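Working notes, structure below.
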Amino acid sequence: SFRGNSQNNGVTSAATPRSAEETELKWAVKHSTGWTDGPNPMLIVDDSLVVLYGNSIKKLSLETGEVLASSQMCASTSWGSVPAAYADGIIFCPLGGGTVQAFNAKTLEPLWSYADALGGQAQSPIACADGKIYVGFGYNGEYAFVCLDAADGSLVWRQTDEKGYYWAGAVVVGDYVVCGSDSGHLCSRNKDTGAV
């Protein structure tokens, strides 16, 4: 996830340029045609840049921007504003229609997909922990928050909320997964069973 690991709050020690004079363009490539298929926030995995564009996932060379691998996804990224997540050699992509699709991180071969019966936008970041992933869907209606087995995408447990999970990323702490919802509820559940 964007935090890097479960102990990190997103702060980095990477040095950044202080002015335009300290910056130079290394490469630039264009893969999208407009805002509807613009790139999601990117990941660096195995010394490659992983980018989701519309219905495509691509791995780009960090040195040249060259496409090293690509694959078609089973659904669109919708608004393209939530990053994929990476854990244990798998890239997990939040997609429209209440869908998550997993890809082999080296080859981008599709591994599995899950589509929730209630659908919904995928605007919540995916949390990964101990072989499971956690993600919520939807906006302004009844939608689900799910725990999926990371290896095969099978549903471990599921909860719903009357207003959904829009920009409602979860945090995993010890044996618990904590997530807020658009109805104003903050819920702490057992990460393995979903028990409140």
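The values are calculated or read from the model by the stated rules, or taken from the named source; none is laboratory data. This is a predicted model, so every value here is computed, not measured. Here Cβ is always computed from backbone atoms with ideal geometry, including for glycine, and neighbour counts include all displayed protein chains. Keep in mind that these areas ignore ligands, DNA and RNA; they rest on the heavy atoms of the full protein, side chains included. Shrake-Rupley method; radii C 1.70, N 1.55, O 1.52, S 1.80 Å.
Looking at region 158-167, is at least one residue closer than 20 Å to S56 by Cα and either among the basic types (K, R) or without any contact (Cβ under 8 Å) to a residue 60 or more places away in the chain (or both)? For region 158-167, residues closer than 20 Å to S56 by Cα and either among the basic types (K, R) or without any contact (Cβ under 8 Å) to a residue 60 or more places away in the chain (or both): absent. Cβ separations smaller than 8 Å between residues 6+ apart or across chains give the following pairs from region 104-130 residues that are free of Cβ contacts under 8 Å to residues at least 40 places away in the same chain and assigned to a loop (DSSP other than H, G, I, E, B) to residues that are hydroxyl-bearing (S, T, Y) and surrounded by 20 or more Cβ atoms within 10 Å (Cβ to Cβ): G119/Y143. Taken over region 138-161, the criterion of being assigned to a loop (DSSP other than H, G, I, E, B) and either open to solvent by 10 Å² or more (accessible area, probe 1.4 Å) or under 27 Å from Q7 (Cβ atoms) (or both) is satisfied by Y139, N140, G141, E142, A150, A151, D152, G153, S154. Restrict the check to region 121-136 and report whether at least one residue is buried (at least 17 other Cβ atoms within 10 Å of the Cβ) and touching a helix residue (DSSP H, G or I) at 6+ places or on another chain (Cβ under 9 Å). Checked against the condition, which is being buried (at least 17 other Cβ atoms within 10 Å of the Cβ) and touching a helix residue (DSSP H, G or I) at 6+ places or on another chain (Cβ under 9 Å), region 121-136 yields no hits at all.
From G97, G164, which residue is open to solvent by 10 Å² or more (accessible area, probe 1.4 Å) and outside any strand (DSSP E or B)? Only one candidate qualifies: G97. Just so you know, in region 1-53 the residues that are surrounded by 11 or more Cβ atoms within 10 Å (Cβ to Cβ), touching an Asp or Glu at 6+ places or on another chain (Cβ under 9 Å) and modelled with pLDDT of 85 or more include one that is farthest from F92 (Cα to Cα), and it is W27.
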